[in-house]
1. Only one of Asn40, Asn98 is closer than 21 Å to Tyr132 by Cβ and among the polar types (S, T, N, Q); which?
2. Looking for something surrounded by 21 or more Cβ atoms within 10 Å (Cβ to Cβ), at pLDDT below 90, aliphatic (A, V, I, L, M) and under 30 Å from Lys34 (Cα atoms) - is there at least one such residue anywhere in the stretch 52-71?
3. If you take the residues of the stretch 103-150 that are part of a loop (DSSP other than H, G, I, E, B) and within 18 Å of the chain's Cα centre (by Cα), which of them is modelled with the highest pLDDT?
4. Condition test on Lys87, is it at pLDDT 90 or above, open to solvent by 50 Å² or more (accessible area, probe 1.4 Å) and either over 16 Å from Trp11 (Cβ atoms) or of a type in the set (Lys, Arg) (or both)?
5. State all residues of the stretch 26-64 that are part of a helix (DSSP H, G or I), aromatic (Phe, Trp, Tyr) and either without any contact (Cβ under 8 Å) to a residue 24 or more places away in the chain or touching a Lys or Arg at 6+ places or on another chain (Cβ under 7 Å) (or both); if no residue qualifies, say none.
6. Out of the residues in the stretch 28-51 that are under 26 Å from Trp11 (Cα atoms) and open to solvent by 90 Å² or more (accessible area, probe 1.4 Å), which is farthest from the chain's Cα centre (by Cα)?
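The values are calculated or read from the model by the stated rules, or taken from the named source; none is laboratory data. This is a predicted model, so every value here is computed, not measured. When we count neighbours, we look across all protein chains shown, and the Cβ atoms used for this are built from the backbone with ideal geometry, even at glycine. The area values use the complete protein model at the heavy-atom level, side chains included, leaving out ligands, DNA and RNA. Shrake-Rupley method; radii C 1.70, N 1.55, O 1.52, S 1.80 Å.
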Amino acid sequence: NHLNELLTRKWLTGSHAVDTICVTVEDYFNDFNKVKKPFNQEMTNEALRRVVVEYLKAVMQKRITFKNADERKDGAERMIKEAEQFKFLFKKLAAGENTDRLCGSITAIAEVIKLTDPTLLFLEVTTLVSKYPDIRWAQQMHTIPISCLHSGQ
């Protein structure tokens, strides 16, 4: 399962899990291209939501511990790149206005993970929670970067 590779050591060193996820989603949608517009839109929105939720679950499960600031930066930049991949795919599949917001949640978390100054953590997490109040995991974000920030810099 490619979702299980997300945010692991293998993922950090070059896994193609997101590429495979995107190709698979697009392939399935090609099989369903005759579905009428309102149902197609609903199906696309649900697929987008599911992909983002699974990605965010991988973040929350803390599958990887970054060893230093450079590794955190590499991981965060990879998350941002993958969020862009999802955004491109789902806009192509016409997921609607939720695409930017949902994919943006991955980017926002990546920006928090990228932090090197622990004093900015509270501010960034507060901003994240206010921007995504409907997402329960946002309130728990403080647990992720703290361990990352205290790893060797």
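1. Working: Asn40 fails: closer than 21 Å to Tyr132 by Cβ.
Step by step, each of Asn40, Asn98 is checked, and only Asn98 is closer than 21 Å to Tyr132 by Cβ and among the polar types (S, T, N, Q).
2. no
3. Of the residues in the stretch 103-150, the ones part of a loop (DSSP other than H, G, I, E, B) are 114-117, 132-135, 141-142, 150.
From what is left, the residues that are within 18 Å of the chain's Cα centre (by Cα) are 114-115, 132-135, 141-142.
On the way: Lys114: 88, Leu115: 84, Tyr132: 77, Pro133: 71, Asp134: 69, Ile135: 64, Met141: 51, His142: 48.
If we take residues in the stretch 103-150 being part of a loop (DSSP other than H, G, I, E, B) and within 18 Å of the chain's Cα centre (by Cα), then Lys114 is modelled with the highest pLDDT.
4. Numbers: at pLDDT 90 or above: yes; open to solvent by 50 Å² or more (accessible area, probe 1.4 Å): no; either over 16 Å from Trp11 (Cβ atoms) or of a type in the set (Lys, Arg) (or both): yes.
Judged against the criteria, Lys87 is not a match.
5. First, pick out the residues of the stretch 26-64 that are part of a helix (DSSP H, G or I): 26-31, 37-60.
Remaining after also requiring aromatic (Phe, Trp, Tyr): 28-29, 39, 55.
Tyr28, Phe39, listed by residue number.
6. Result: Tyr28.
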